[in-house]
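Structure first, then comments.
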Amino acid sequence: MTLRFFYAVYFTAIGVSMPFFPPYLKALGLTGKQVSVILAAAPLLQMGVPILWGWLADRTGRPDRLLRWAMLGSLLTYIPIVFVRQWPDLLFAYILHQAFAVAILGLADTLALERMRGGDDYTRIRLWGSIGFILVVVGLGDLAKNSPRETWQRAVAAATIFWQTRKVKNFALVVPQSIKKILGADDAAVACA
């Protein structure tokens, strides 16, 4: 398992949820204003929440462990979004989810930059995220265009939960390998404990 694979899975999850979430919210019967408020939550949280996660990463010296917690929190707080159908509850569930989700990319980039110190090329690591994003957006776009609304809504919800789960599962394998490469085999045993 590599950090490249992590980025592919991460951006695939983004590609599943980002373009299809607004139409999903509209299909639930939310107004345009309500959809806008929900979608504004992530950029607003981006202004401060990653700083807190970064401070915790600096304080603990373990961005890998915090990334695992952020991904697990993101997964667990995404599940209610699939089942909640009412406006104020959906807004609260999304804000809670984004409090974890906005930290993931910054923490993962921290690990990728550490890999660069070992000689890896950042663009080659992140390239797989772009490929995963493009493939899933095109594929699900065709599904949405050629299927009844309920079919693609269920497919998007299932795919999002699946890819959120894959992020958490696969990261458990990615981090120890990246730490081994950065620290060397002897120090990695201590860091992963």
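Screening R68 on (1) under 27 Å from G139 (Cβ atoms); (2) within 18 Å of the chain's Cα centre (by Cα); (3) open to solvent by 40 Å² or more (accessible area, probe 1.4 Å) shows it passes everything except condition (1). Only residues that are open to solvent by 60 Å² or more (accessible area, probe 1.4 Å) and under 15 Å from the mean Cα position of the chain (by Cα): list them for segment 127-143, please. Selection gives W128, S130.
Within segment 9-36, restricting attention to residues that are small (G, A, S) and open to solvent by 20 Å² or more (accessible area, probe 1.4 Å), the residue that is farthest from M116 (Cα to Cα) is G29. Screening the candidates I95, I79, I51, I104 for the property of being over 16 Å from the mean Cα position of the chain (by Cα) and either modelled with pLDDT under 85 or assigned to a helix (DSSP H, G or I) (or both) yields one hit, I51. Contact annotation: residue pairs with Cβ atoms under 6 Å, 6 or more positions apart or on different chains, pairing a residue in segment 48-73 that is small (G, A, S) with a partner that is surrounded by 12 or more Cβ atoms within 10 Å (Cβ to Cβ) and part of a helix (DSSP H, G or I), are A57/P63; A57/L66; A70/F100; A70/A103; A70/I104; G73/F100. The residue list L72, L135 contains one member that is more than 24 Å from A57 (Cα to Cα), in a helix (DSSP H, G or I) and of a type outside the set (G, A, S), which is L135.
The values are calculated or read from the model by the stated rules, or taken from the named source; none is laboratory data. Just so it is clear, the model here is predicted, and its values are computed rather than measured. With ideal geometry, Cβ positions are generated from the backbone for all residues, glycine too; neighbour counts draw on all protein chains shown. Only protein heavy atoms, including side chains, enter the accessible area calculation; ligands, DNA and RNA are left aside. Shrake-Rupley method; radii C 1.70, N 1.55, O 1.52, S 1.80 Å.
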